[in-house]
Amino acid sequence: MTPNTALRLLVSTHEEILRLMEEGNMTRTVAATSMNAVSSRSHAIFNIIFTQIKTELNLKSEKVSKISLVDLAGSERAGKSGTTGDRLKEGANINKSLTTLGLVIKALVERSGADAKTKSPIFVPYRDSVLTWLIKDNLGGNSKTIMIATLSPAAANYEETLSTLRYADSAKQIVNKAVVNEDETARVIRGALHDFCVLFLLYIIVVFMRL
């Protein structure tokens, strides 16, 4: 899948959203490996775009928000997973995209801690992977992001668990400042009308107090 071929469908109910999520999960490729009987062989990204239209003081305002649910396939070592053929190629592609994601997170952390007066901007390699390009807004854009890391309690998976914890700790250091996606003109006009109403009310109160 590429950013241009991602499927977009119009929905209006929670039931339709759940149905599409179930259909998407059914199309995911899974296969048995030595480490996991139902190992995901691909990442999954499900975007929900909400458009909210409100009318206040005879003025229409529109707010747009996007919720992205991203399920990352876990990295794997070929020796431990026992994969060969197509499964081995899938694992290599998964590891490559996760490596790129790690580089993106590293660059974003550096950018978050960089001084505003830094002469040269820090390059973030979003385009090096389809995965990072699709979720770039969630990583370093106008967003709030939560990462849930799944770990294995088995001692045999110690290295994978430690790697995942380091991954999550790096992502936690990214600093984004999210603001409401709202039409600026409508917001300014609504604020001016609100101030006018407050001042007019104060004027009425002062007039009545003088009577």
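The values are calculated or read from the model by the stated rules, or taken from the named source; none is laboratory data. Just so it is clear, the structure is predicted and the values come from calculations on it, not from any experiment. Backbone-built Cβ (ideal geometry, glycine too); neighbour counts: all protein chains shown.
Scanning region 170-206 for residues that are assigned by TED's automatic domain parsing to the domain that holds residue 67, part of a helix (DSSP H, G or I) and touching a residue at least 40 places away in the same chain (Cβ under 8 Å) turns up 170, 171.
Test residue 132 against the criterion of being at pLDDT 85 or above, more than 25 Å from residue 67 (Cβ to Cβ) and not basic (Lys, Arg), and give yes or no. In short, no. Checked against the criteria, residue 60 does not count as surrounded by 12 or more Cβ atoms within 10 Å (Cβ to Cβ), modelled with pLDDT of 70 or more and under 30 Å from residue 197 (Cβ atoms). Output yes when any residue across region 98-116 is of a type outside the set (Gly, Ala, Ser), crowded, with 19+ Cβ neighbours inside 10 Å, under 23 Å from residue 168 (Cα atoms) and modelled with pLDDT under 75, and no when none is. Scanning region 98-116 turns up no residue that is of a type outside the set (Gly, Ala, Ser), crowded, with 19+ Cβ neighbours inside 10 Å, under 23 Å from residue 168 (Cα atoms) and modelled with pLDDT under 75.
Applying the criterion of being aliphatic (A, V, I, L, M), over 27 Å from the mean Cα position of the chain (by Cα) and not in a loop (DSSP other than H, G, I, E, B) to the residues of region 151-169, the residue that is modelled with the lowest pLDDT is 156. For residue 41, the criteria (1) at pLDDT 75 or above; (2) touching a strand residue (DSSP E or B) at 6+ places or on another chain (Cβ under 6 Å); (3) closer than 30 Å to residue 92 by Cα hold in every case but one, which is (1).
Across region 151-159, a minimum of one residue is classified as surrounded by 14 or more Cβ atoms within 10 Å (Cβ to Cβ), in the same structural domain as residue 125 (by TED's automatic domain parsing) and at negative phi.
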